[in-house]
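Enquirer: Shown below is the structure under consideration.
Rule-based calculations on the coordinates, nothing more; no lab input. Please read all numbers here as calculations on a predicted model, not as lab measurements. Methodologically, a virtual Cβ is constructed for each residue, glycine included, from the backbone with ideal geometry; neighbour enumeration extends over all protein chains shown.
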Ligand SMILES: NC(=O)c1ccc[n+]([C@@H]2O[C@H](COP(=O)([O-])OP(=O)(O)OC[C@H]3O[C@@H](n4cnc5c(N)ncnc54)[C@H](O)[C@@H]3O)[C@@H](O)[C@H]2O)c1
């Protein structure tokens with residue numbers, strides 16, 4: 001009989017996506033759901049209406065349960081210590097974004113993965129959007145030639161729904177992250193498409209604005225990150241939660257041509273636009289636009305975030321079941337996607353200088369970061385605490401949070 005992977009999910013808000021997924025993949029069984037918010041857990045229990053699922057308020061109970069794998073959809077700044085505990089308890093881990101919040105956590109996470117040999121997979125779903133998936137296929141097939149330049153944008157004006165995702169809580173991680181924190185939706189796909197390692201980074205911070213003030217978010221509205229890769233190619237990443245309008249957009253420039261995804265405001269419904277041939281240079285007309293389809297397209301279509309949410313779980317489960325080539329994002333790749341943004345913020349704090357990006361595959365390179373706790377979370381940073389905005393934490397009157405709290409309570 002085929003093996004069934006028993007899944008536990010921590011966090012029921014974003015975790016709902018993975019909970020839903022389990023209903024449609026016969027290779028898995030949703031065995032446990034955990035959330036410390038009693039009301040939210042109870043609501044999920046009633047909704048699932050399935051006695052075979054265990055419900056826990058305490059993470060320790062989930063850890064001690066007999067699940068094979070745990071999906072971490074808890075607070076974005078708390079994934080690493082939970083991932084380490086899961087791995088040490090013999091569980092495979094699918095971690096939501098971000099993988100870590102500082103370098104010390106990155107060292108601990110890599111060591112836990114290496115020590116336990118369990119599967120760690122980073123759920124950077126934007127890598128599996130239709131256009132980045134096709135760009136990866138084109139790049140791997142050689143059709144794009146050598147990677148020379150690329151851009152990623154994840155601009156999400158979150159103001160309208162901010163109260164529903166921060167509950168009017170001034171201490172919620174979304175209100176205290178720097179503009180550089182939520183970075184892998186834009187950087188991640190370019191790293192995943194090319195498989196190239198980042199070596200240098202410079203950061204630029206967008207100013208604090210009225211939208212951020214109304215949201216009670218104490219950071220610049222976004223950040224621009226310029227990364228040099230090991231082959232000399234350059235990536236430009238732009239992301240933020242406080243732009244005026246949204247943009248999820250990717251482009252790659254190879255030695256044989258270009259490919260870009262459709263702009264949000266563009267007309268037409270093709271997912272990708274290419275300008276490619278077998279020559280390095282301008283030739284005859286070879287522009288092409290299309291929406292690629294493969295064996296997964298139909299199944300993925302119904303999943304969230306443009307179908308990409310299907311793939312994070314699909315590949316995770318496939319890997320657990322022994323499929324060597326399952327397209328997971330391992331811990332080293334996750335850190336290639338994320339560490340540049342930690343350093344980009346340091347670049348800003350240091351006045352705009354360029355920073356070297358370490359390769360965490362190399363124990364000697366990561367050793368110097370073992371006690372580097374710097375981040376914007378006072379719970380872990382100690383005396384290395386960084387401001388959430390480089391020019392000093394903006395003052396947010398308590399009325400802002402009270403208003404958001406009231407709006408949140410009305411949604412319950
Ligand atoms: N990839 C994506 O597209 C995407 C989209 C939304 C959210 N996310 C990620 O999902 C994660 C969760 O975000 P969210 O929007 O659901 O909001 P959130 O971070 O406010 O929710 C976290 C949930 O986990 C629960 N939780 C936290 N610590 C716990 C603990 N120790 N024990 C039990 N329960 C605990 C909380 O009660 C809460 O319900 C974050 O990492 C976020 O970055 C990713």
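Enquirer: Tell me, what is the percent relative contact order of region 219-325, built from C-alpha pairs under 8 Å that lie six or more residues apart?
Expert: Contact order relative to length: 13 percent.
Enquirer: By how many nm would the segment from residue 24 to residue 270 lengthen if fully extended, with 0.36 nm per residue of separation less the alpha-carbon distance?
Expert: Gain on extension, residue 24 to residue 270, equals 85.8 nm.
Enquirer: Direction-averaged shadow area of the convex hull around the Cα atoms of region 206-258, nm²?
Expert: Mean projected area for region 206-258: 4.7 nm², to one decimal.
Enquirer: Let me ask something else. Within 10 Å, count the other beta carbons around each residue, average over each peptide in 212-220, 346-354, and list them highest first.
Expert: 212-220, 346-354
Enquirer: Another question about this same structure. Taking a temperature of 37 °C and a viscosity of 0.692 mPa s, what whole-number D in µm²/s does Stokes-Einstein yield for region 80-182 with Rh from Kirkwood over alpha carbon pairs?
Expert: Stokes-Einstein gives a translational diffusion coefficient of 196 µm²/s.
Enquirer: Using mean Cβ contacts within 10 Å as the protection proxy, how do 170-182, 249-261 order, highest first?
Expert: 170-182, 249-261
Enquirer: If the convex hull of the alpha-carbon atoms of region 252-377 is projected onto planes in all directions, what is the mean projected area in square nanometres?
Expert: 13.3
Enquirer: Using 7 Å Cα-to-Cβ label points, what is the residue 263/residue 45 separation (nm, one decimal)?
Expert: Here the answer is 5.1 nm between the modelled labels.
Enquirer: Most exposed first by the Cβ proxy, i.e. fewest other Cβ within 10 Å, how do 343, 321, 224 rank?
Expert: Listed from fewest to most nearby Cβ atoms, that is 321, 224, 343.
Enquirer: Separate question: What spacing in nm lies between the two simple spin-label points modelled at residue 279 and residue 141, each 7 Å away from Cα in the Cβ direction?
Expert: Output for this residue pair reads 2.1 nm.
Enquirer: How compact is region 348-389 by the rule of thumb for globular proteins, expressed as Cα Rg over 2.2 N^0.38 Å?
Expert: 1.36
Enquirer: Taking all pairs of different Cα atoms in the chain, averaging 1/r and flipping that mean, what Kirkwood radius in angstroms comes out?
Expert: It works out to 22.1 Å.
Enquirer: Can I ask one more? Have a look at 331, 71, 396 and tell me which one the Gaussian network model of the chain (Cα, springs below 10 Å) gives the largest fluctuation.
Expert: Highest fluctuation of the listed residues: 396.
Enquirer: Please give the Cα centre distance for region 352-376 versus region 183-215, rounded to the nearest Å.
Expert: After rounding, the separation between the Cα centres reads 18 Å.
Enquirer: If you look at just the Cα atoms of region 233-318, how large are its Rg and its Dmax in Å?
Expert: Answer for region 233-318, Rg first and Dmax second: 15.9, 45 Å.
Enquirer: If you don't mind, another one. Given labels modelled 7 Å from the Cα in the Cβ direction, how far is it in nm from residue 385 to residue 89?
Expert: With each label point 7 Å from Cα toward Cβ, the separation is 3.0 nm.
Enquirer: Something else now. If R₀ is 25 angstrom, what is the calculated FRET efficiency for the pair residue 398 and residue 349, using the beta carbon separation as r and rounding to 0.05?
Expert: E(calc), rounded to 0.05, equals 0.35.
Enquirer: Quick one: order 375, 270, 158 by neighbouring beta-carbon count within 10 Å, fewest to most.
Expert: 270, 158, 375
Enquirer: What's the long-distance tail for region 302-346, i.e. % of Cα pairs beyond 17 Å?
Expert: The calculated P(r) of region 302-346 puts 51 percent of pairs beyond 17 Å.
Enquirer: Count the DSSP beta bridges whose two residues both fall in the chain, then state the antiparallel fraction as a percent rounded to the nearest 5.
Expert: Antiparallel bridges make up about 55 percent of those DSSP assigns within the chain.
Enquirer: Let me ask you something else. Calculate how large, on average over all directions, the projected area of the Cα convex hull of region 147-213 is; give the answer in nm² to one decimal.
Expert: 5.8
Enquirer: Place a label point 7 angstrom from the Cα of residue 160 along the Cα-to-Cβ direction, then list the residues of region 257-291 whose backbone nitrogen is under 17 Å away.
Expert: The answer is 264-266.
Enquirer: Further question on the same structure: Find the relative contact order for region 83-184 and round it to a whole percent, using C-alpha pairs within less than 8 Å whose residues are 6+ positions apart.
Expert: RCO, region 83-184: 26 percent.
Enquirer: Something else: Given a cut-off of under 8 Å on Cα pairs at least six residues apart, what relative contact order in percent is computed for region 157-276?
Expert: With pairs under 8 Å counted, the relative contact order is 23 percent.
Enquirer: What is the packing order of peptides 76-85, 61-70, taking the mean over residues of other C-beta atoms within 10 Å and listing the highest first?
Expert: Ranked by mean Cβ neighbours within 10 Å, highest first: 76-85, 61-70.
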